[in-house]
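Take a look at the structure set out below.
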Ligand SMILES: [Zn+2]
């Protein structure tokens with residue numbers, strides 16, 4: 001585990017800002033914000049969308065980056081808004097997604113009240129390997 005850099009703090013601030021801006025406390029359709037940083041330094045944000053099959057904020061942020069042409073991801077963080085606000089650990093589905101799209105990347109987590117970075121491979125050891133050419 002690593003401590004956060006200034007760039008990581010910036011990424012976390014982006015995830016926080018995007019859910020503050022879009023938090024839906026009435027329907028709880030948008031409760032989590034995420035931000036992903038590419039190795040070139042570009043950062044992208046997203047919020048979750050909720051329905052029968054919704055999408056997590058990490059998916060939206062990654063999809064946003066991919067749509068813009070990015071392919072090389074370094075670090076991601078998800079932040080829950082509302083009364084229980086704070087850094088969120090990625091769900092199982094997102095762990096697989098991160099393992100597929102950023103296997104050498106890192107995730108910001110809150111561990112014992114402190115923000116730390118952990119590698120995607122540590123977060124999902126022995127991951128299912130999606131075939132690629
Ligand atoms: Zn998820």
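Summary of values
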quantity	calculated
Selection from region 84-95 of residues that are within 12 Å of the ligand (Cβ to nearest atom) and surrounded by fewer than 16 Cβ atoms within 10 Å (Cβ to Cβ)	89, 91, 92, 93
Candidates 55, 78, 68, 61, filtered to the one that is surrounded by fewer than 19 Cβ atoms within 10 Å (Cβ to Cβ) and within 16 Å of the ligand (Cβ to nearest atom)	55
Pick from region 103-133, criterion in contact (Cβ under 8 Å) with a residue 40 or more places away in the chain and closer than 18 Å to residue 59 by Cα, ranking: farthest from the chain's Cα centre (by Cα)	106
Residue list for region 96-111, restricted to those being within 11 Å of the ligand (Cβ to nearest atom) and either in contact with a helix residue (DSSP H, G or I) (Cβ under 9 Å, 6 or more places away or on another chain) or within 23 Å of residue 41 (Cβ to Cβ) (or both)	97, 98
Answer from 99, 89 - the residue that is out of contact with any strand residue (DSSP E or B) (no Cβ under 9 Å at 6 or more places or on another chain) and at pLDDT 95 or above	99
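The values are calculated or read from the model by the stated rules, or taken from the named source; none is laboratory data. No experiment lies behind these values; they were computed from the predicted model shown. Counting neighbours? That spans all protein chains shown, and the Cβs are built from the backbone with ideal geometry, glycine included.
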